[in-house]
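A.B. asks: Here it is, the structure, as structure tokens.
The values are calculated or read from the model by the stated rules, or taken from the named source; none is laboratory data. Everything numeric here is computed off the predicted structure, so don't read it as measured data. Neighbour counts are summed over all protein chains in view; Cβ atoms, including those assigned to glycine, are modelled from backbone coordinates with ideal geometry.
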Amino acid sequence: MRAVERHPSFDSTFIRACRGLPVTHTPVWLMRQAGRYMSEYREMRARVSFLELCRSPDLVAETTVFAQERIGADAAIVFSDLLLVLEAMGLDLSYPKGGPRLSPPVRSASDVDQLEEVQARERLAYVYAGIRATRAALAETVPLIGFAGAPFTLAAYACEGGPSRSFVHTKSLMYRDPGAWSALMEKLVRGLIEYLCCQAEAGAQCLQIFDSWVGAVGPEDYRDFVAPHSTALINGVKAVHPDVPIIHFGTGTGQILEQIQAAGGDVIGVDYQTSFAQARSRLGDEQPVQGNLEPLVLYSSPEYVCERAQRVIDANAGRTGHIFNLGHGILPETPVDNVIRLIDYVHEATATSSS
């Protein structure tokens, strides 16, 4: 696939950084950059539900493009949700207070058997319509990021039925019935390959895989139960779209960072709990990385935001292949002005040092 090369955003600072090439300034985008911290988003959500927003291509485009333009990010990420894939597999998805809920939970081999194939091209067509609408409305030089949850994180949501601290049901299935676990992960991988490929075909110039809960497993369990499936997903997408960069991001991954890298991805995301200087050293100078400001720093003064941003810049030590981001998603009470100041500062501070 060569579509990304033909797109005007191919030579953007963001895509160049994904490829480990020199840039005129360090590119910045922020996870959840379109979200509750913006009053305009809250006003829209007062009119439509979260799922209604996700399923409306015009509203997806409006939300995605507005956020990118408002804060001056170097890339836009399509407004969507990780869990839409599980809904497409036949689980009931809702968003009550306290976090998303999925039912019935998947906790046995028979549950895995009953889980439907994703059929991503047909069942998630509204996502691709949103990407096409966003791409049409977005400045042509600004890359658009598509995304999906990683197999482990989606499997954990399916097993737990919602957020969890202990992951009892997830790990019980892993340890008690490894065959059922593998079948679940393989079913997810099949659907996710098609889902991400369809996003690239619809107009995403980059893809991010979010393994939000992978920090719940240690190195041995990651090796045995997670890594082969993450690798299968990344290789499956790359076989169809070799030139579309993939960002592989997980939280709580300090102890498995090299394993995340080995599992695959053009860019490795670094969470806020991991030393960025150590991460760059551990992953090697040639590995493009993304990260990793602590999200709550944005609750502080503009001066302190800039100070902490400079620490991340210093930790990068002038290496190519750095995409500045938070080490997790923006939180709801974050002051928008601090977000704008952060992005302006990174652009200013790296304008010569990153060239």
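A.B. asks: Note down all Cβ pairs under 8 Å where the first residue falls in region 97-121 and is within 17 Å of residue 82 (Cα to Cα), the second is of a type in the set (Gly, Ala, Ser) and in a strand (DSSP E or B), and they're at least six residues apart or on different chains.
C.D. replies: 100/94; 101/94
A.B. asks: Among the candidates 172, 166, single out the residue that is touching a helix residue (DSSP H, G or I) at 6+ places or on another chain (Cβ under 9 Å), assigned to a loop (DSSP other than H, G, I, E, B) and modelled with pLDDT of 95 or more.
C.D. replies: The unique qualifying residue is 166.
A.B. asks: Mind telling me which of the residues 325, 338 ends up being under 18 Å from residue 34 (Cβ atoms), assigned to a helix (DSSP H, G or I) and either of a type in the set (S, T, N, Q) or at pLDDT below 95 (or both)?
C.D. replies: Answer to the check: 338.
A.B. asks: If you scan region 297-337, which residues turn out to be under 21 Å from the mean Cα position of the chain (by Cα) and surrounded by fewer than 16 Cβ atoms within 10 Å (Cβ to Cβ)?
C.D. replies: Listed by number, the residues that qualify are 331, 332, 333.
A.B. asks: Here is a follow-up. Can you confirm whether region 263-278 contains a residue that is of a type in the set (Asp, Glu) and crowded, with 18+ Cβ neighbours inside 10 Å?
C.D. replies: Among the residues of region 263-278, at least one is of a type in the set (Asp, Glu) and crowded, with 18+ Cβ neighbours inside 10 Å, which makes the answer yes.
A.B. asks: Ok, one more. Tell me yes or no: at least one residue of region 298-316 is polar (S, T, N, Q), out of contact with any His (no Cβ under 6 Å at 6 or more places or on another chain) and closer than 22 Å to residue 253 by Cβ.
C.D. replies: no
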